[in-house]
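All of the numbers you see were taken from the coordinates with simple rules; none came from a lab. Treat the numbers as computed from the prediction; the structure is a model and nothing was measured. Every residue, glycine as well, gets a Cβ built from its backbone with ideal geometry; the counts of neighbours run over all protein chains shown.
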Amino acid sequence: MDAASDAELVTRCRAGDQAAWEALVDRYARYVHAIVARVYRLDSHDAEDVFQEVFARVFERLDTLRDGDALRPWIAQTARNCAVDSLRRSGREVPVDDVPEGVDDGLARLDEALTVHAALDRLSPECHEILDRFFCRDESYRTIGAELELPSGTIASRIARCLARLRGVIDPSETEEGRKPESTASGGQVGQ
């Protein structure tokens with residue numbers, strides 16, 4: 001995944017950089033799909049159509065985005081609008097008062113997940129792997145230790161250290177003793 005900020009990707013996309021556009025789509029594909037399929041509960045065919053429509057609109061209207069750092073909320077709003085348009089076209093329009101209560105909560109959880117995912121990408125490969133194995137793949141200390149040839153106790157302490165680093169990446173004011181985690185020169189990854 002491209003380590004560029006959203007603003008950098010937007011600038012590069014506006015300059016016609018195809019690799020930047022591919023990185024932007026790659027960064028937000030799962031997010032858009034989750035909004036249209038999980039939050040708005042579109043069937044797979046409609047979700048795919050809306051997914052394509054969202055990225056077509058983003059591509060066509062990228063020059064109208066005033067702040068490149070506002071890319072995520074702009075894409076989310078575009079996905080919401082396209083999903084609602086799809087529901088209207090299908091005759092499944094729901095009055096505003098009857099919108100399911102979980103929509104806003106679902107979007108908030110997706111935003112949090114995307115923030116954590118982006119923060120994981122800023123950690124060292126070792127921290128990224130150990131947190132991914134433990135939290136995303138639900139592997140035990142024993143399984144992770146066997147794969148990485150490390151004792152289970154070492155896995156536990158590394159998970160704790162890597163979680164502290166992850167918290168520091170997400171919110172630098174949350175780090176131990178109020179200090180920011182140090183970045184390495186290569187891609188701003190926080191070491192293990």
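Before anything else, pin down the relative contact order of region 7-96: Cα pairs under 8 Å, at least 6 apart, normalised by residue count, whole percent.
This gives 33 percent for region 7-96.
Please give the Cα centre distance for region 123-176 versus region 1-51, rounded to the nearest Å.
So the separation of the two Cα centres works out to 28 Å.
Would you pull out the residues with amide H under 5 Å of L123's amide H, same chain only if 5 or more places away, H placed 1.01 Å from N?
Residues meeting the amide H criterion: V190.
Give me the net charge for the shell around R137: Cβ to Cβ below 13 angstrom, other residues only, Lys and Arg +1, Asp and Glu -1.
Charge balance near R137 sits at -4.
Provide the per-residue ³J(HN,Hα) series for region 61-77, in order, calculated from phi with Karplus coefficients 6.51, -1.76, 1.60 and θ = phi - 60°, each as a whole number of Hz, with x at glycine and proline positions.
Values per residue, Gly and Pro as x: 10, 4, 5, 8, 6, 6, 10, x, 6, 8, 4, 4, x, 5, 5, 4, 5 Hz.
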